Amino acid sequence: MHQQQGAALIIVLSLLSITLMLGLSGYHSALVNERLAGNHRAASLSQMGAEEAISYAWGEGGEHLTSADFVSATSLEALTAQGWSSFYPGSRAGPCRGNLRCPFRYVRVGGQYFIVSMGAIREGDHTVASSMPVVARVEFREIPAPAFTRGLLSAGYITVTGNSSLTPARRADGSIDPNVVHANSIVSISVPEAQRAYITSGADRMVEVPLPGQRPGGEDMSQCTRTTPPAYCYKRYDPTVFDEYRDRPGAIHSCNVNLNALPTNTTVFCQGNLSVGSGSVEGRQITLVATGSVSMSGSTTTSPPDRAEIGLFVVAGGNIEFSGRTDNYGVFWAGGHVRQSGTSRLYGSIVAGDYIQSSGGITFTSINNVTNRDAYIEAEPRIVAWQ
């Protein structure tokens, strides 16, 4: 009988060990590949979420966007260099659901506007994967603020004693703009029958009226939830209007000025009530701003109406008062009332938060040829770059 050496057993065990090692290696490789595939999928979903957030923030053609939606930032590069943990706090929620998050921000850097977004897959407090920031650059076109091209616009009433005349502005295509006179309360003005079509009141429709300064006391905003709210519910006050002019480099801080003494592109700011002497604004752009009321003494003349450019922009947190029989060219914007004593000729537009009143007739010509850029807003946004 031959003695067994055990060689076969050793060989079999060796083969089994090799097979087991190969199996374990394959299993480990499969796990790694699965994790890589999962991470790749999570990263792809995060990037898709970031792009979805841009589309959501833009909306339907960007129609809801205004430049006021964008928050000032010091640097776009610093923002896009942030990781998820720094970017997410303070951002707006995007449309993503479940474990996918896709916040975004509206950012203004200098005079440029951006929508910035990121996406991430979250499991509890753990971030599985996050995207690179997606940036869309937005441009606005500057146009005269619509409120300043409506002629006479009052959040309260308009009353004029004496016979008056209304001339509508003409659009770029030569057609007539019929929005000449509107008050959210009543309109009492005597004009030829053919011009009655240029007048509307709250009985026709209510119009939101943007206004400078603080909302006055006594306006009960709880009434604005009624089916038919009071006219003052359509007033939109902005107390920050004055900040830009107060801090504008080169602004003249004075509460008594004469128009003839002011060069073009001048801003006058008054912390209180401003008194303005008459003068020609011919070919110049002048902005007069007062946190209180403005008293206009005499005429603010310019070219004949057929060639007139509206370069004067007057802003008052309180009232604007015209004294005497005058010709006045400009955009006049008051948080309170605008009142004229005596028969007058007005060219441009008036927007008032309380009322517009004249103790004499008005020959009013609505002119939308506004050249003062302070009376412009940034509108009609478009995306010009996406990265």
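The values are calculated or read from the model by the stated rules, or taken from the named source; none is laboratory data. No experiment lies behind these values; they were computed from the predicted model shown. Neighbour counts are summed over all protein chains in view; Cβ atoms, including those assigned to glycine, are modelled from backbone coordinates with ideal geometry. Ligands, DNA and RNA are excluded from the accessible area calculation, which covers all protein heavy atoms including side chains. Shrake-Rupley method; radii C 1.70, N 1.55, O 1.52, S 1.80 Å.
Note on region 100-194: semi-axes of the ellipsoid equivalent to its C-alpha gyration tensor, largest first and rounded to whole Å, are 53, 17, 10. The angle between the Cα long axis of helix 7-58 and the main principal axis of the chain comes to about 0°, on a 0 to 90 degree scale. Values (1) 0.99; (2) 1.04; (3) 1.56 are given for comparison; Cα Rg over 2.2 N^0.38 Å, derived from the coordinates here, is the one labelled (3).
For region 220-263, applying the loop criterion from DSSP together with a ceiling of 11 other beta carbons within 10 Å to the trypsin sites (Lys or Arg not before Pro) yields R226.
Within the chain, antiparallel bridges make up roughly 25 percent of the DSSP beta bridges whose residues both belong there.
Which of A251, V209, N319 sits farthest toward the positive end of the charge dipole of the chain, with +1 on the Cβ of Lys and Arg and -1 on the Cβ of Asp and Glu? Selected residue: V209. Between L15 and S44, how high is the FRET efficiency from 1/(1 + (r/R0)^6) when r is the Cβ-Cβ distance and R₀ = 35 Å? Nearest 0.05. Between L15 and S44 the formula returns 0.25. Rounded to the nearest 5, what is the percent of antiparallel bridges among the DSSP beta bridges in region 146-287? Expressed as a percentage, antiparallel bridges in region 146-287 total about 10.
Backbone amide hydrogens, once placed in the peptide plane, bring G311 within less than 5 Å of T371, excluding anything fewer than 5 places away on its chain. For region 241-248, putting each phi into the Karplus relation 6.51 cos²θ - 1.76 cosθ + 1.60 with θ = phi - 60° gives couplings of 3, 6, 4, 4, 6, 4, 9, 5 Hz, in residue order, rounded to whole numbers and with x for Gly and Pro. Per-residue extension of 0.36 nm, minus the Cα-Cα distance of S85 and R373, leaves a gain of 99.6 nm for this segment. Applying 1/(1 + (r/R0)^6) with r as the Cβ-Cβ distance of T363 and E51 and R0 = 56 angstrom yields a FRET efficiency of 0.50. Looking at region 102-205, the DSSP beta bridges with both ends there are about 65 percent antiparallel. Between the C-alpha center of region 156-216 and that of region 219-251 there is a gap of 20 Å.
Find, to one decimal place in angstroms, the Kirkwood hydrodynamic radius of region 140-220, where the mean of 1/r is taken over every pair of different Cα atoms and then inverted.
14.3 Å is the Kirkwood radius here.
Residue separation of E142 and E193 scaled by 0.36 nm, minus their Cα-Cα distance, works out to 14.7 nm of gained length.
Note on N256 and E60: their simple-model spin labels are 5.6 nm apart, each label 7 Å out from Cα toward Cβ. With all protein chains kept in place, the per residue accessible area of region 278-387 amounts to 34 square angstrom at a probe of 1.4 angstrom. Could you tell me how far the Cα centroid of region 38-117 sits from the Cα centroid of region 310-387, in Å? Region 310-387 and region 38-117 have Cα centres separated by 38 Å.
Counted residue by residue at 0.36 nm each, then reduced by the alpha carbon distance between them, the extension gain from H126 to D177 reaches 12.5 nm.
Each label point was placed 7 Å from the Cα along the Cα-to-Cβ direction; for A203 and S75 their separation is 6.3 nm.
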